[in-house]
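What follows is a set of notes on a single structure, which appears directly below.
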Amino acid sequence: MLEVDNIRAGYGAINVLWDVSLSAAAGQMTTIIGPNGAGKTTLLRSIMGLLPLTQGDIRLHGRSIRGTAPWDMSGLGVAMIPEGRMIFKDMTIEENLLMGAFPKQHRAAARQKCEQAYAMFPCLQERWNLLAGMLSGGESQMLAMARGLMSDPELLIIDEPSLGLAPVVVNELFGVLGRLKAEGRTIILVEQNTQKAVGVADQVHLMQSGKIALSQPAAEVSLEHLHDLYFAH
Ligand SMILES: Nc1ncnc2c1ncn2[C@@H]1O[C@H](COP(=O)(O)OP(=O)(O)O)[C@@H](O)[C@H]1O
Ligand SMILES: [Mg+2]
């Protein structure tokens, strides 16, 4: 569904991604792991059109999306759940959800989408009128995921959802990821929880220093080998 083809991108004069290629197949979970500073978020930002490419191309359903503005990505069926959750703390849970349906083409279905979000995340339903700033880290992540689903994306891009969460909440989160996958959604997941990420993935890519160091079907990944690579520099 999505092909990243030999891209370079970075911040001004600083290049971060070096000839990165990967693809995400429809209905599959493509997972990108790698240490802090490897360039995982930079890659996701490049896909979303938040950073210009200085080399290469990105294709969605075979058509180049290079140069597409971030606000046009929703119309193409792509949504990102950013690192750090980025929820609106001074707005209620429901208002946060409705922001996920802000693009015009999604507004008509917003009510129905809210109900779907509450069915998937009951903890949000109980508190629909509460300010999002009152939520715990785990609940905030669930809200960020629910908001990302409001535009009913074909491709969901999720950046480090388990960061800073307690183990029991991490388990809950991976349960939700498993259900999204079972629904047939195409997902690109960036994670540092290697074991859990590989467990839920179809395809695994290891990023290091702005490059893809390993690409393998999840079923073939040896966690031991992965850890050796992960810590090798
Ligand atoms: N806004 C920015 N300006 C300049 N450099 C940045 C910026 N954001 C990230 N970087 C640098 O890009 C590299 C990759 O960062 P990032 O993509 O956030 O890594 P990861 O998500 O894998 O932890 C790091 O060296 C980081 O310091
Ligand atoms: Mg990151």
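Return the calculated 222 nm mean residue ellipticity for the chain, to the nearest 500 deg cm²/dmol, obtained by summing -39500 (n - 2.57) across DSSP H runs with n ≥ 4 and dividing by the residue count.
-9500 deg cm²/dmol
Report the calculated FRET efficiency for Q112 and N6 (r = Cβ-Cβ distance, R0 = 25 Å), to the nearest 0.05.
That pair, Q112 with N6, gives E of 0.05.
What is the sum of charges around T92, taking Lys and Arg as +1, Asp and Glu as -1, for the other residues whose C-beta is under 14 Å from the C-beta of T92?
Neighbourhood net charge equals -2.
Return the FRET efficiency for the residue pair F88, H227: r is the Cβ-Cβ distance, R0 is 30 Å, and the value is rounded to the nearest 0.05.
Computed FRET efficiency for F88 and H227 comes out at 0.20.
Excluding residues on the same chain fewer than 8 positions from K113, give the lysines whose Cα lies under 17 Å from its Cα.
Those lysines meeting the cut-off are K104.
Would you mind checking the range 181-195 for residues with the amide N under 19 Å from a putative spin-label position 7 Å along Cα→C-beta of L214?
Within reach of a label on L214: 189-195.
Let's see if you can work this out: charge +1 on each Lys and Arg Cβ, -1 on each Asp and Glu Cβ, no other charges. What is the dipole magnitude of the chain about its Cα centre, in debye to the nearest 20?
In total the dipole reaches around 500 debye.
Below 27 Å, Cα to Cα, which lysines can K196 reach? Residues fewer than 8 away in the same chain don't count.
Cα-Cα hits under 27 Å: K40, K181, K211.
Tell me, what is the percent relative contact order of the chain, built from C-alpha pairs under 8 Å that lie six or more residues apart?
Relative CO of the chain lands at 28 percent.
Please report the net charge: other residues with Cβ closer than 13 Å to the Cβ of S23, K and R +1, D and E -1.
My count for the surroundings of S23 gives -3.
Could you size up the charge dipole of the range 85-152 around its Cα centre, putting +1 on the beta carbon of Lys and Arg and -1 on that of Asp and Glu, and report it in debye to the nearest 20?
It comes to approximately 200 debye.
Work out, step by step, the length gained on full extension between A182 and Q125: first 0.36 nm times the residue separation, then minus their alpha carbon distance; give nm to one decimal.
Residue separation times 0.36 nm, minus the Cα-Cα distance, leaves 18.3 nm.
All of the numbers you see were taken from the coordinates with simple rules; none came from a lab. What you see is a predicted model, and the numbers here were worked out from it, not measured in a lab. Glycine gets a Cβ as well: all are built from the backbone with ideal geometry, and neighbour counts include every protein chain shown.
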